[in-house]
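Reviewing the structure listed below.
The values are calculated or read from the model by the stated rules, or taken from the named source; none is laboratory data. Quick caveat, the model's predicted, so the values are computed rather than measured. Here the Cβ is made from the backbone with ideal geometry for all residues, glycine too, and neighbour counts use every protein chain on show.
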Amino acid sequence: MRWTREQYIDLFCAESVDRPMFVELFGPLVGLEDEWRAQGASEDEINMTAFDWDYVPVCGCGGNTGLRGGYQPCVIEDTPTYTVSRDSLGRTVKLHKGYATIPLPMGYPVTDMDSWLKLKPFYTFSEDRINWDAVEHAKKQQASGVLVTASIPGGFDTPRELMGEEGACLCYYENEELMTDIMETISDTAFRVLERISERLCIDNLCVHEDMAGKSGPMIGPTLVREWMMPYYRRIWDMLSSRGTKLFSQDSDGNMNPIIDAVMDCGVNIVYPCEPAAGMDMVALRKKYGDTLGFKGGIDKHVLRGTKEDIRRELEYKLSPDMIRGTVFGLDHRIPGGTPLENYRYYVDTAREILGLPPRDGKRGWARMAF
């Protein structure tokens, strides 16, 4: 079912909702399409439209708050198994074909203030970061029920992309001047872009990508979140929320439990994808935080490679009536390789049954809900 922006916002903000929302957040992992074709999948199943997913159409707000410009990307080496390229940050990155979707950096460009200053112009504010024609287009789209989003660079993700995980974590302690300049730069740019746009357009959903945790926990603790990320997040969120923005979603894999309180203090009110394999349990989090924190995802993708009994057990636990308001039900990330098509069909049909949704008829479409 195609949801409107009003219905989507009400799912998180209204006191009651008309129906649950059941989605596919990210789609298949690389290689799964070939596995499913071999198992007799239709092309509508391959492209996800056969499963009648709920979705809300999304439109960007017309502003660029992150990396702008940069180096000219180019391919350095291309083999049957991997590709080595240079990206817009000047990093050499390697993509392993067949199972990876994101190339991994083989080095990082920022080691000190001098190296950062070479890249800083790619992050600083300029008026041409705003496409006013796109802003006007977003206003028209919003009037027809499309959700308008704005993205800001990650408060941890940006230093990590520039310095690597180890370099970013050490920088908080060993080079506060450098970290301060990076954070002040991205904060200034994001604020100035979105302040101008929000004078003409109400942004529905502020979004930030972090990926700042692994299975053992986050890469920085609540003290550093509050010291370094909170001033940045709150500056943007307080301004936008005063102008009508309702939703602030943060994307981070891994075990975020130790810093959820700090992240919420930063203004975030939706987290995803809530990975069970990393210790994230959205049912337990709902009991702890009530309706103050919303979720997307949360269903263990790995159970799809188990038995049908495993799948039903997971769904009966996660899809409880107490979870319907404030939750976008879906897998906790891409559909993993090795997932039998029969199991995926069973997962979809069983979840629809539990949620009280009509049987699928393959006519409702699909759109990624990763924002």
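Selection of the stretch 116-128 for residues being in a helix (DSSP H, G or I) and out of contact with any Gly (no Cβ under 6 Å at 6 or more places or on another chain) yields TRP116, LEU117, LYS118, LEU119, LYS120, PRO121, GLU127, ASP128.
When GLY338, GLY290 are checked against the criterion of being more than 23 Å from VAL148 (Cα to Cα) and part of a loop (DSSP other than H, G, I, E, B), a single residue qualifies: GLY338.
Out of THR65, THR79, THR4, report the one residue that is farther than 26 Å from LEU355 by Cβ and within 23 Å of the chain's Cα centre (by Cα).
The unique qualifying residue is THR65.
Scanning the stretch 129-165 for residues that are in a helix (DSSP H, G or I), surrounded by 22 or more Cβ atoms within 10 Å (Cβ to Cβ) and among the small types (Gly, Ala, Ser) yields a total of 1.
Tell me yes or no: at least one residue of the stretch 221-243 is buried (at least 23 other Cβ atoms within 10 Å of the Cβ) and among the small types (Gly, Ala, Ser). No - not one qualifying residue is present in the stretch 221-243. Going by what's in this entry, would LEU341 be described as within 16 Å of the chain's Cα centre (by Cα), within 20 Å of TRP53 (Cβ to Cβ) and in the same structural domain as SER187 (by TED's automatic domain parsing)? So LEU341 fails the test.
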